[in-house]
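The values are calculated or read from the model by the stated rules, or taken from the named source; none is laboratory data. None of the values given here were measured: they were computed from a predicted structure. Note that each Cβ is placed from the backbone with ideal geometry, even for glycine, and that neighbours are counted across all protein chains shown.
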Amino acid sequence: MSGNLQDIFADLQWRQLVYQATSERLGAWLLERPRTVYAGFDPTSDSLHVGHLLPLMLLRRYQKAGHRPIALVGGATGSIGDPSGKSQERNLQSLEQIEANVVAIRGQMAQLLDFSPTAASAAGPAILVNNYDWISRFSYLDFLRDVGKNVPVNVMISKDSVKNRLENPDVGISYTEFSYMLLQAYDFVHLNRTYGCELQLGGSDQWGNVTAGIDLARRMAGAEVFGMTCPLLTKSDGSKMGKTEGGALWLDAKKTSPYQFYQYWRNVADEDAGKCLRFLTELSHEEIDHLDHCRQTEPERAVSQIRLAEWLTELIHGRGALDLVRQATEIFFGGEIGKFASDADLNQIFAEVPSSQIEAARLAAGLSITDALVEAKLTKSKGEARRVVAEGGAYVNNRRIESESYQVTTADLASPTMLVLRRGKKNYALLRLVE
RNA sequence: GGGGGGAUACCAAAGUGGCCAACUGGGACAGACUGUAAAUCUGUUGUCUUCGGACUUCGCAGGUUCGAAUCCUGCUCCCCCCA
């Protein structure tokens with residue numbers, strides 16, 4: 001069984017994913033035998049986002065290397081609020097909301113980790129736990145006697161996450177958030193007792209919480225356990241990766257469409273592409289080296305970005321979704337749109353394009369391009385529509401309309417009942433025929 | 001309580017009787033360039049139009065005038081100074 005363990009630590013180091021580790025000999029330790037490792041995720045929303053991807057991929061790498069991953073959903077800790085990296089006290093979410101979030105997140109994790117009993121990992125299938133299940137059973141008194149007794153407050157207040165807040169007299173920190181660290185620390189103890197879990201993973205902002213768990217495990221159980229953090233996924237300008245104008249980049253297709261997801265990665269800056277390939281994909285070292293080289297010599301081809309976008313889109317949304325995204329991309333950035341046999345095909349590709357309805361009779365009679373733009377809500381007024389045409393910014397089926405007197409007819413239909421209009425570079429709208 | 005200043009299009013800001021749909025800057029929107037980037041350059045930026053114009057807009061309501069964003073009266077709101 002332990003014979004097919006891969007040297008994951010070497011791979012992580014190559015990918016620069018090891019930010020801090022509690023032991024010099026972590027790499028060798030991981031090769032001794034299959035280990036059980038865990039990382040925690042706070043259910044602050046009903047979907048995971050790109051910020052969660054890095055630690056989740058880390059668990060996935062461990063599983064593929066022959067270890068057993070535990071994904072911990074923080075139903076309890078999430079209801080408290082982690083003060084790490086937060087400058088202000090946060091509002092509490094309702095328990096019902098958190099429960100709903102846990103359910104949604106659980107499904108997304110199953111796409112990346114193998115929970116099936118037949119999982120290939122030497123150590124067995126991945127495990128999903130919710131710390132609400134054990135923490136909620138504690139009485140306050142028991143918790144203070146069993147756990148609190150083992151935690152020196154002077155150590156707690158020296159942790160950065162707490163210290164920063166204590167030093168700022170304007171915000172301070174509530175007793176509730178102060179206690180967060182204890183809950184997370186106890187999680188490690190619980191997982192160690194229940195599943196023999198010996199390693200906690202997390203982002204570098206979790207270092208304080210990770211070491212708190214290690215200390216507590218030693219005091220409460222006399223166990224030697226380990227911790228490792230990875231860098232945070234940031235862009236070269238220091239901002240967070242995965243932030244869009246509309247907020248976070250979600251893994252849920254209903255919140256962030258596969259097309260938007262793909263496009264985000266497709267447009268990653270050259271300086272960030274190498275890091276993303278290393279951190280988020282499972283491409284081989286050789287291929288990543290090659291892509292680095294391509295980026296140097298012919299950045300204009302964006303080979304790295306396309307590879308990154310395709311790899312991640314397929315992982316998160318599946319092969320079928322990727323194929324549709326490819327088609328859509330070709331159309332959105334390509335030439336004219338030909339005829340589509342069915343409305344369904346067109347519908348899929350233009351899934352996020354707004355559409356308006358128009359009576360079939362009006363189109364049959366001929367519709368001026370300006371009226372069509374207004375009907376499709378691409379322009380506010382006829383005057384604006386006229387201007388857009390004059391500027392050369394009006395298109396039917398991606399073909400520029402030069403004349404204001406152009407009449408849109410049934411001959412322009414891209415599919416039996418749909419007409420594709422565009423204003424400028426990428427503002428699309430559909431007109432759907434109705435009786 | 002007294003004195004002074006101000007309100008203009010998405011924002012900022014000119015304009016103080018006709019040449020004002022209103023300078024200019026930003027933003028936004030198009031186009032060129034480009035790597036689906038950045039920068040740059042060009043154009044547009046009240047509504048409608050049979051492309052001749054027509055209509056509505058400069059805090060609100062009235063008034064003077066052939067004609068008002070511009071002058072007068074009242075109202076509302078904002079800022080500053082003195083007490």
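Quick look at the values:
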| quantity | calculated |
| --- | --- |
| Residue in the range A:416-435 that is nearest to RNA strand B (Cβ to nearest atom), counting only those that are assigned to a loop (DSSP other than H, G, I, E, B) and out of contact with any helix residue (DSSP H, G or I) (no Cβ under 7 Å at 6 or more places or on another chain) | A:G424 |
| Every pair of residues 6+ apart whose Cβ atoms lie under 7 Å, when the first sits in the range A:278-289 and is closer than 18 Å to A:D7 by Cβ and free of Cβ contacts under 8 Å to residues at least 24 places away in the same chain while the second is surrounded by 16 or more Cβ atoms within 10 Å (Cβ to Cβ) and aliphatic (A, V, I, L, M) | A:I288/A:L277 |
| Residues within the range A:374-415 that are away from RNA strand B (no atom under 13 Å from the Cβ) and either in a helix (DSSP H, G or I) or of a type in the set (D, E, K, R) (or both), tallied | 3 |
| Residue match in the range A:9-23 (condition: surrounded by 20 or more Cβ atoms within 10 Å (Cβ to Cβ) and free of Cβ contacts under 8 Å to residues at least 24 places away in the same chain) | yes |
| Meets criteria (within 14 Å of RNA strand B (Cβ to nearest atom) and in a helix (DSSP H, G or I)) for A:V325 | yes |
| Odd one out for A:T211 among (1) closer than 15 Å to A:Q20 by Cβ; (2) within 25 Å of the chain's Cα centre (by Cα); (3) among the polar types (S, T, N, Q) | (2) |
| Candidate set: the range A:251-273, residues that are more than 10 Å from RNA strand B (Cβ to nearest atom) and assigned to a loop (DSSP other than H, G, I, E, B); chosen: the one surrounded by the fewest Cβ atoms within 10 Å (Cβ to Cβ) | A:K254 |
| Among residues of the range A:274-302, those that are within 12 Å of RNA strand B (Cβ to nearest atom), assigned to a helix (DSSP H, G or I) and either at pLDDT 95 or above or more than 23 Å from A:D323 (Cβ to Cβ) (or both), counted | 6 |
| Every pair of residues 6+ apart whose Cβ atoms lie under 7 Å, when the first sits in the range A:59-81 and is under 18 Å from A:R106 (Cα atoms) while the second is acidic (D, E) and modelled with pLDDT of 90 or more | A:Q63/A:D114; A:L72/A:D187 |
| Every residue from the range A:208-227 that is surrounded by fewer than 20 Cβ atoms within 10 Å (Cβ to Cβ), free of Cβ contacts under 8 Å to residues at least 40 places away in the same chain and part of a helix (DSSP H, G or I) | A:R218, A:A221 |
| Residue among A:D187, A:D205, A:D133, A:D142 that is exposed (fewer than 15 other Cβ atoms within 10 Å of the Cβ), in the same structural domain as A:Q108 (by TED's automatic domain parsing) and under 28 Å from the mean Cα position of the chain (by Cα) | A:D133 |
| Subset of the range A:90-112 that is more than 12 Å from A:L251 (Cβ to Cβ) and among the polar types (S, T, N, Q) - its residue that is modelled with the lowest pLDDT | A:N91 |
| Where a residue in the range A:297-312 is in the same structural domain as A:Q263 (by TED's automatic domain parsing) and its partner, wherever it lies, is part of a helix (DSSP H, G or I) and near RNA strand B (Cβ under 7 Å from one of its atoms), with Cβ under 7 Å and at least six apart | A:P299/A:D270; A:Q305/A:R266; A:I306/A:R266; A:A309/A:R266 |
| Which numbered condition A:I316 fails, given (1) assigned to a loop (DSSP other than H, G, I, E, B); (2) surrounded by 20 or more Cβ atoms within 10 Å (Cβ to Cβ) | (1) |
| Residue check, A:V37 of a type outside the set (K, R) and under 21 Å from A:I316 (Cα atoms) | no |
| Those residues of the range A:313-340 which are touching a residue at least 40 places away in the same chain (Cβ under 8 Å) and acidic (D, E), in sequence order | A:E336 |
| Selected residue (criterion: farthest from RNA strand B (Cβ to nearest atom)) from residues of the range A:351-373 that are over 41 Å from the mean Cα position of the chain (by Cα) and not in a helix (DSSP H, G or I) | A:E359 |
| Residues within the range A:167-194 that are touching a Lys or Arg at 6+ places or on another chain (Cβ under 8 Å) and assigned to a helix (DSSP H, G or I), tallied | 2 |
| Residue in the range A:352-361 that is loosely packed, with under 13 Cβ neighbours inside 10 Å, hydrophobic (A, V, I, L, M, F, W, C) and at pLDDT below 85 present | no |
| Odd one out for A:V325, checked against (1) closer than 17 Å to A:L251 by Cβ; (2) buried (at least 18 other Cβ atoms within 10 Å of the Cβ); (3) out of contact with any Pro (no Cβ under 8 Å at 6 or more places or on another chain); (4) not acidic (D, E) | (3) |
